[in-house]
Structures are given as structure tokens and as C-alpha cells.
Amino acid sequence: VIVLVDYAPSARLWGWLRFVIGRFSFTGLPGLIFFKILGSGEDGGFSLTPSATRQGLFCVFDTEAHADHFLEQSHVLARYRAHAREFFTAKLAPYSVKGSWAGHTLQVNTTAPESGPIAALTRASIRPSKARAFWRNSPPAEASLMHADGCLLAVGLGEAPIFRQATFSLWKSTDAMNRYARTGAHMEAIQAALQGQHFSESMFVRFRPITPTGVWKGKVFA
């Protein structure tokens, strides 16, 4: 499950405290096997300047029923929603997984869609010695993502500034995603990162998005 939150101005302190004490709220959630509370860049993008209001959650559950329970009945998620001026959720079924996140890998549980939307999550732990080289190549790739044909939603996320970064994006089709991923500034950035061994750990996942719902940057998903 991916959750994107843009807090109301009056809820900024509550949102900031999620980084400090928020993890305790997730203890004992039915079926939860992995989760991350994520910050975002300015305006929900990929800036090194952190956003004062935008955050994300990434949660992995052992069954779809537990994921549904979290989305529909969890008091934890209800509190996030109550403090938000924009709120987006999607249930995600992985069909392609490479790598790991904090030692955890996702299990493929569906097949690639023949048509329709897909979602992608990329995350990496950047080696401190390679951070400058990574961020030198990052802005052009990120700018091209925000304006890529067929990109419905894109947000920069991260566990920690500079060194632990993630990107979540939603696309009209596999072809649209591939056109972005395999050309231009993004391809150049990926090649530089791989050749320069910028990452100590990384994960690249493609999903079938199930019931993407809510509002993000003024765009309504239903």
C-alpha cells in the first residue's frame, strides 16, 4: 500500500511528529510485515529541500484482506486522513521486483498487465562517497519525469535526506513507463549510478495499481 499525504497548515507539527513517534502507531497492525514513513522534497518533488507538509507511507501486508482492512478500517490511517488537505492511497500488486529495501524484498503475486495503468517504485541507499556524483545526475532525470508523456503522478520520497531516496510514479501504460525509463536523462542517470556503484542497496518494483483513490497536487483519482 502506498499513501501520500499533504498536511493542512494547522497539522504541520502533527505531521513532523510522525517521524519521531509515528512508528509506534504501526505496532500490532494486522498482517503488517514491513513499513516505512517517508519524507518528501519541496512541493512533493525531488528537491534536497524537504517539504514541510508532504509525506508518504509504504506498507507491505501478508494478505490482500489485511491491506484492505488497513485502508478501510485502520484508526492509524484515519488519523493521517483527518490531518490532510490532500490524501492519496493505492493498493499495489507487484509483478516485477529487483533488489531489496532494508533487507526486505517483495514477493511477485501477479502478472504484468496487458494494458492499462502501472505503478513503479524505485529506492536506493546512496553511498556517502558517491552522493555528490549521484545528485549531479539526478535533477535532469527528475525534471523529465515530472513532464514525461503518460506519467499520471510522480513524487519524490525518502527515509533520510540525501542518502536514502525513493520515487513513486503512476503511469498510463507500460509503454509510457518504458519510454521514460529507457531514454534520455533517466537512462543516463541510471547508467552513471550503476557504473559508478552509487548504491549500497536498491530496489526497483513495478506494480498493478489497484483502486488508486484520492487527490494529489489537485488531481483527483477515483
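What the table below lists for this structure:
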| read-out | value |
| --- | --- |
| Full-extension gain in nm, Phe26 to Lys219, via 0.36 nm per residue minus C-alpha separation | 66.6 nm |
| His69/Phe34 FRET efficiency (R0 22 Å; Cβ-Cβ; nearest 0.05) | 0.85 |
| For Asp43, net neighbour charge (Lys/Arg +1, Asp/Glu -1) across residues whose Cβ lies under 11 Å away | 0 |
| Reference-scaled alpha-carbon Rg (2.2 N^0.38 Å with N residues) for the chain | 0.97 |
| Positive minus negative residues near Ser125 (Lys, Arg vs Asp, Glu; Cβ under 13 Å) | +3 |
| FRET efficiency estimate (nearest 0.05) - Cβ-Cβ, Arg132 to Asn109, R0 41 angstrom | 0.60 |
| Computed magnitude of the charge dipole of the chain (debye, nearest 20; Cβ of K, R +1, Cβ of D, E -1) | 440 debye |
| Rounded, prolate or oblate (a/c below 1.5 giving rounded, otherwise prolate when a/b exceeds b/c) for segment 69-176 by Cα gyration tensor | rounded |
| 15 Å tail of the calculated P(r), segment 6-73, as % of Cα pairs | 59 percent |
| Inter-site label distance for Glu42 and Arg81 at 7 Å from Cα along Cβ, in nm | 3.3 nm |
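Read-outs: derived from the displayed coordinates by stated rules, not from any lab. Bear in mind that the values here come from a model prediction, so they are computed numbers and not experimental data. FYI the Cβ positions are ideal-geometry reconstructions off the backbone, even for glycines, and counts take in every protein chain you see.
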